[in-house]
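Report on the following structure.
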Amino acid sequence: MVVADDSALPAAERGWFLEQVRRLEPEALVVYVASRQDDAVEREVRAHGVLHYASRPLDEARMLRVLGSLASYAAASVVARRPSC
C-alpha cells in the first residue's frame, strides 16, 4: 500500500510519481491525500489507479476504515494467489 501526500509532491510530478508506483508495484493499493479538495486532481490521480482520494482535514475514523478495508483486501488477494497444496 502506498500513501501519497501532495504536500510533499509537486503538482507537476504527480502523474510521473503515480506512473512509477504502477511500474514498480503494479498491484499497489494507493491512497492519495490532498492538501485541499480538488475535483480535477481527484480525476487525475484516479486515472493513475488511486483507490482512495482524501483531502485535509482528514477524518481519522474514515481514514482508519479505508486503510483497514484496503489491508483486508490486500490480505485476501494474497490468500487467493497462494497455490493450493
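Of the residues that make up the stretch 70-82, is at least one not β-branched (Val, Ile, Thr) and not in a helix (DSSP H, G or I)? Yes, because at least one residue in the stretch 70-82 is not β-branched (Val, Ile, Thr) and not in a helix (DSSP H, G or I). Restricting attention to the stretch 7-34, the residues that are farther than 22 Å from residue 78 by Cα and at pLDDT 90 or above add up to 11. In this structure, residue 42 does satisfy being among the acidic types (Asp, Glu) and either assigned to a helix (DSSP H, G or I) or touching a helix residue (DSSP H, G or I) at 6+ places or on another chain (Cβ under 6 Å) (or both).
Just one of the numbered conditions (1) surrounded by 15 or more Cβ atoms within 10 Å (Cβ to Cβ); (2) modelled with pLDDT of 90 or more is not true of residue 4: (2).
Close Cβ contacts (under 8 Å, 6 or more residues apart or on different chains) running from residues in the stretch 18-29 that are of a type outside the set (Asp, Glu) to residues that are assigned to a helix (DSSP H, G or I) comprise 18/45; 28/21; 28/22; 29/70; 29/73; 29/74. Selection of the stretch 48-69 for residues being part of a helix (DSSP H, G or I), under 21 Å from residue 7 (Cβ atoms) and free of Cβ contacts under 8 Å to residues at least 40 places away in the same chain yields 60, 62, 63, 64, 66.
The set of residues in the stretch 21-39 that are assigned to a helix (DSSP H, G or I) and within 13 Å of the chain's Cα centre (by Cα) comprises 21, 22. Counting only residues that are out of contact with any helix residue (DSSP H, G or I) (no Cβ under 6 Å at 6 or more places or on another chain) and not aliphatic (A, V, I, L, M), which one in the stretch 50-65 is nearest to residue 18 (Cα to Cα)? Looking at residues that are out of contact with any helix residue (DSSP H, G or I) (no Cβ under 6 Å at 6 or more places or on another chain) and not aliphatic (A, V, I, L, M), I get 55.
The values are calculated or read from the model by the stated rules, or taken from the named source; none is laboratory data. This one's a predicted model, so the numbers in the text were calculated from it and none came from an experiment. Glycine also receives a Cβ, built like all others from the backbone with ideal geometry; neighbour counts cover every protein chain displayed.
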